[in-house]
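This report refers to the structure that appears directly beneath it.
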Amino acid sequence: MTRTQVTIIGAGPAGLLLSQLLRLNGIDSIVLERRTREYVEARIRAGLLEQGTVDLLIEARVGERLERERLVHDGFEMAFDGLVHRIDLKGLAGKSVSIYGQTEIQHDLDDAVVVGGGDVRYEVLDVVLNELTGNRPRVTCTHRGKRLEIECDFIAGCDGYHGVSRQSIPSDVIRNYERVYPFGWLGVLADVPPLSHELVYANHPRGFALCSMRSATRSRYYVQCALDERVEDWSDDRFWDELAARMPPQYAQRLVAGPSIEKSIAPLRSFVAEPMRHGRLLLAGDAAHIVPPTGAKGLNLAAADVRVLYQALIEYYGGGGTTLLDEYSGRALRRVWQAMRFSWWFTSLMHRFGDDPISRKFQVAELDYLTQSAAASQTVAENYAGLDFKPVPTAACAHGGP
Ligand code: FAD
Ligand code: PHB
């Protein structure tokens with residue numbers, strides 16, 4: 001039997017960041033990951049970080065390359081009906097966002113964990129979580145052919161949407177909320193200069209499109225596609241033609257096409273599992289919630305969960321009790337639902353939903369309103385750049401005191 005303080009399931013960004021922050025604070029953990037390090041590092045996913053995420057990565061001492069190489073964006077653009085409206089994040093919300101690929105974060109975290117002597121076991125199979133409601137939970141698994149049993153104080157379920165952690169919670173104590181959208185995103189990565197120096201989100205009668213980037217020479221582009229389409233249906237030429245058709249003409253003409261390095265289709269879903277704690281199991285990141293990527297919130301939410309969770313564990317191991325652990329689910333879910341709402345709203349505003357002509361009229365009217373109203377644009381800017389949470393006023397305060 002092996003013993004550690006916290007067993008972390010999953011070595012994605014949530015699992016590795018938690019392990020790194022715990023280690024810096026003298027708390028032991030073992031991370032169990034089903035895939036190889038190479039596989040996890042190669043997955044092309046998020047690219048946009050809120051300042052709060054950047055700050056947490058710096059706190060975790062993995063911010064050096066990030067601060068050097070990130071692209072700081074003070075705004076982004078929304079294109080519709082031949083118009084382009086810029087959301088001035090800096091001016092309206094006083095914040096910027098950063099472009100730095102999830103692959104790079106994963107690489108920086110992997111390096112930091114190895115250099116710091118962290119314990120990450122890759123290619124672990126058959127993970128089973130036991131005795132979650134007792135004081136000594138145990139995890140059993142097979143690591144490269146050998147059976148492993150770990151006894152710990154807590155288990156952090158950071159194993160993504162398809163992981164085992166959430167599924168280990170009895171169905172009568174967890175409630176799932178879900179909406180599946182009737183389309184997906186086809187994403188292409190290519191070594192071509194980005195269309196613009198900021199991100200461009202387009203609502204077009206043919207469907208949504210997004211021009212994002214990873215660096216000054218690498219672009220990440222997406223088009224809305226049908227759920228039954230396959231990557232093989234999309235030649236590079238078809239993709240570039242479709243992207244150009246959905247961008248405003250002045251942008252389409254300067255779009256630089258090139259061979260794709262990666263091409264994949266992601267379904268879109270909103271999903272939340274409540275509560276995020278069951279006994280000694282604490283869920284974090286995609287294991288507990290999924291947002292459609294339109295709002296760029298998934299990785300940022302995972303980091304926000306980790307911030308709340310590691311502070312709770314520091315309090316516990318510092319002898320401060322379980323107050324923060326008891327509050328973990330409620331505090332994390334408060335941010336989660338705000339990001340859920342914004343991602344749903346932004347998805348609904350920018351995508352084509354069937355052929356109903358009135359739906360697009362509503363969208364265009366709302367986009368037009370955004371161009372006219374600083375208040376409406378400020379709401380978008382605050383949510384996109386990441387909300388700051390003030391404590392909820394107590395009933396007494398809310399009513400001006402007794
Ligand atoms: P994951 O990254 O899913 O990691 C979970 C890990 O657990 C995986 O490595 C998995 O192999 C492992 N695992 C699973 N099951 C087991 C098991 N049984 N045993 C052991 N290990 C297991 N977010 C943003 O914030 N900004 C963006 O711009 C953005 N863009 C996106 C674009 C796309 C196309 C997609 C698909 C996602 C995007 N996201 C974005 C979302 C973001 O990538 C995820 O929210 C983020 O990866 C969540 O991290 P995680 O560590 O919680 O989960
Ligand atoms: C990305 O660069 O992959 C990205 C950026 C912003 C989004 C979604 C994805 O809203």
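Table: residues versus (1) without any contact (Cβ under 8 Å) to a residue 60 or more places away in the chain; (2) in a helix (DSSP H, G or I).
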position	(1), (2)
110	no, yes
125	no, no
128	yes, no
132	no, no
140	yes, no
*Do any helices (runs of 4 or more DSSP H) entirely within segment 1-64 hold 2 or more residues that are surrounded by fewer than 17 Cβ atoms within 10 Å (Cβ to Cβ) and within 12 Å of ligand 1 (Cβ to nearest atom), and if so, which?*
37-42
*asked:* Under 6 Å between Cβ atoms, which residue pairs at least 6 apart in sequence (or on different chains) link something in segment 197-217 that is at negative phi and polar (S, T, N, Q) with a partner that is at pLDDT below 95 and within 16 Å of ligand 1 (Cβ to nearest atom)?
replied: 212/47
_Elements of type strands (runs of 3 or more DSSP E) in segment 148-226, at least 1 residues being closer than 16 Å to residue 261 by Cα and within 22 Å of the chain's Cα centre (by Cα)_ = 175-190, 209-213, 219-225
*Say we look at segment 81-101 and pick out the residues that are away from ligand 1 (no atom under 16 Å from the Cβ) and among the aliphatic types (A, V, I, L, M); which of these is surrounded by the fewest Cβ atoms within 10 Å (Cβ to Cβ)?*
83
*Just checking, how many residues over segment 145-171 are more than 14 Å from ligand 1 (Cβ to nearest atom) and touching a Phe, Trp or Tyr at 6+ places or on another chain (Cβ under 9 Å)?*
2
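Which residue out of 31, 113, 127 is farther than 30 Å from residue 244 by Cα, at pLDDT below 95 and not charged (D, E, K, R)?
113
Hey, any hits in segment 276-289 for a residue that's in contact (Cβ under 8 Å) with a residue 40 or more places away in the chain and closer than 15 Å to residue 341 by Cβ? Even if it seems obvious, please write down each step before you answer.
Within segment 276-289, the first condition is being in contact (Cβ under 8 Å) with a residue 40 or more places away in the chain, and the residues that meet it are 276-289.
Imposing the further condition that a residue be closer than 15 Å to residue 341 by Cβ reduces the set to 289.
Yes.
The values are calculated or read from the model by the stated rules, or taken from the named source; none is laboratory data. Here the structure is a predicted model, which means the values were calculated and not measured. Cβ sites come from the backbone with ideal geometry, for glycine too, and all protein chains shown count toward neighbours.
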